[in-house]
Amino acid sequence: MNIISLCKFIKKYNIDLIHSNNEICFTTLLAARITKTPHVIHVHGLGFSNSIFRFIFGAIINICCDKIIAVSNAVARKLIEVGVDQKKIVVSYNGIDTNIFKPTKKTQYAHTQFGIAKESSIVGMISALDPRKGHELFIKAAKYTIRHNLKIHFLIVGDHSQHQIEYKHHLIEMIDEFGLNNHVTFTGYQNNIHKILNSIDLLIQPSVTDAGPLVPLESMSCGTPVIATDVGGNPEEIPQGYTGLIIPPNDPVLLSQSIIKLIQDKDLMLKMRHNARKWAKTKFDSRLLTDNIEAIYDEILEQQ
């Protein structure tokens, strides 16, 4: 829809407020400005902060938006760095359905579904196959972990987009080079993530960059601890030593050591499982996100 069509639509249906779920939708930004319609944008990523046009982006956001919702303090800080008015920024964490993502009795679902020995612990990574998600770090950590002759299997859940085919081939080559063919399994796309999370022992979020990823929230809501890299919104989602561990980025040896530590320390894992569920329900239930957004709408509309 072009700007003129969108402006006509806004006027025809007497739209009171626009909420953009994409911070770089300039058609919506301009249509909201032209029609003088209150405008909220939801910033889910950090890509804007690396753009050569980032300060222009910040200036446009200031002019065309009434409120900016950032999914983490990490995103908020980057917005302020590019010149966005701090008074317009509201941090509201992503939310997940804690009734769908809930702990069940530990199952062998992943073992059965993907042909993994039932006595093996499973360490999983769930994301699209994208270099920003850190699959290379995950595979390198697997290489160091198997040297300890522990019964641990590594599961990569997710598929690639058309422009990431070469990346998947690169990951397969790494696995072959490291002799991990019997230790790492690609599952492809799966639509039963809650079942997988309830049948693995640990989730790894080895991101290179991440604003506020959903999968760690889903994992913790299922009572599955998370090990994540100290980037973006990760440390805000996963309290160090409480629901999992935060490690420096690009350190496969430390990631391997952290995996082994948690797999072997059953008491610590049990505490983290309990903490993870409690933390997710308290902090990231989707109803909290809904309430926060409704409050933002009310505040803006009351000022009109």
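The values are calculated or read from the model by the stated rules, or taken from the named source; none is laboratory data. Bear in mind that the values here come from a model prediction, so they are computed numbers and not experimental data. Every residue, glycine as well, gets a Cβ built from its backbone with ideal geometry; the counts of neighbours run over all protein chains shown.
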Yes or no: Leu217 touching a strand residue (DSSP E or B) at 6+ places or on another chain (Cβ under 9 Å), over 22 Å from Ala141 (Cα atoms) and in a helix (DSSP H, G or I)?
-> yes
What are the residues in region 41-63 that are farther than 16 Å from Leu6 by Cβ and touching a strand residue (DSSP E or B) at 6+ places or on another chain (Cβ under 7 Å), if any?
-> His42, Val43, Ile61
Condition broken by Gly223, with the remaining ones in (1) touching a helix residue (DSSP H, G or I) at 6+ places or on another chain (Cβ under 8 Å); (2) within 18 Å of Glu136 (Cβ to Cβ); (3) not aliphatic (A, V, I, L, M) satisfied = (2)
Selection from region 223-235 of residues that are in a loop (DSSP other than H, G, I, E, B), of a type outside the set (Ser, Thr, Tyr) and within 20 Å of Thr282 (Cα to Cα) | Gly223, Pro225, Gly233
Any hit, region 172-179, residues being touching a Lys or Arg at 6+ places or on another chain (Cβ under 7 Å), in the same structural domain as Ser219 (by TED's automatic domain parsing) and either modelled with pLDDT under 95 or surrounded by 16 or more Cβ atoms within 10 Å (Cβ to Cβ) (or both) = yes
Pick from Phe114, Phe101: which is touching a strand residue (DSSP E or B) at 6+ places or on another chain (Cβ under 7 Å) and aromatic (Phe, Trp, Tyr)?
-> Phe114
If we take region 236-304, then helices (runs of 4 or more DSSP H) inside it with 2 or more residues that are over 30 Å from Ile18 (Cβ atoms) are 252-264, 266-283
Hey, does region 73-80 have a residue that's touching a residue at least 60 places away in the same chain (Cβ under 8 Å) and closer than 17 Å to Leu203 by Cβ?
-> no
Helices (runs of 4 or more DSSP H) wholly inside region 1-112 that include at least 2 residues being crowded, with 20+ Cβ neighbours inside 10 Å and more than 25 Å from the chain's Cα centre (by Cα) | 26-35
Working carefully through the options Ile89, Ile156, Ile122, Ile116, find the one that is within 21 Å of Ile263 (Cα to Cα), touching a helix residue (DSSP H, G or I) at 6+ places or on another chain (Cβ under 6 Å) and in contact (Cβ under 8 Å) with a residue 12 or more places away in the chain.
-> Ile122
Any residue in region 237-250 that's modelled with pLDDT of 95 or more: show its pairings with residues that are surrounded by fewer than 19 Cβ atoms within 10 Å (Cβ to Cβ) and part of a strand (DSSP E or B) at Cβ separation under 9 Å, as long as the two are six or more apart or on different chains.
-> Ile246/Gln240
What single numbered condition from (1) out of contact with any strand residue (DSSP E or B) (no Cβ under 9 Å at 6 or more places or on another chain); (2) surrounded by 14 or more Cβ atoms within 10 Å (Cβ to Cβ); (3) of a type in the set (D, E, K, R) fails to hold for Arg287?
-> (2)
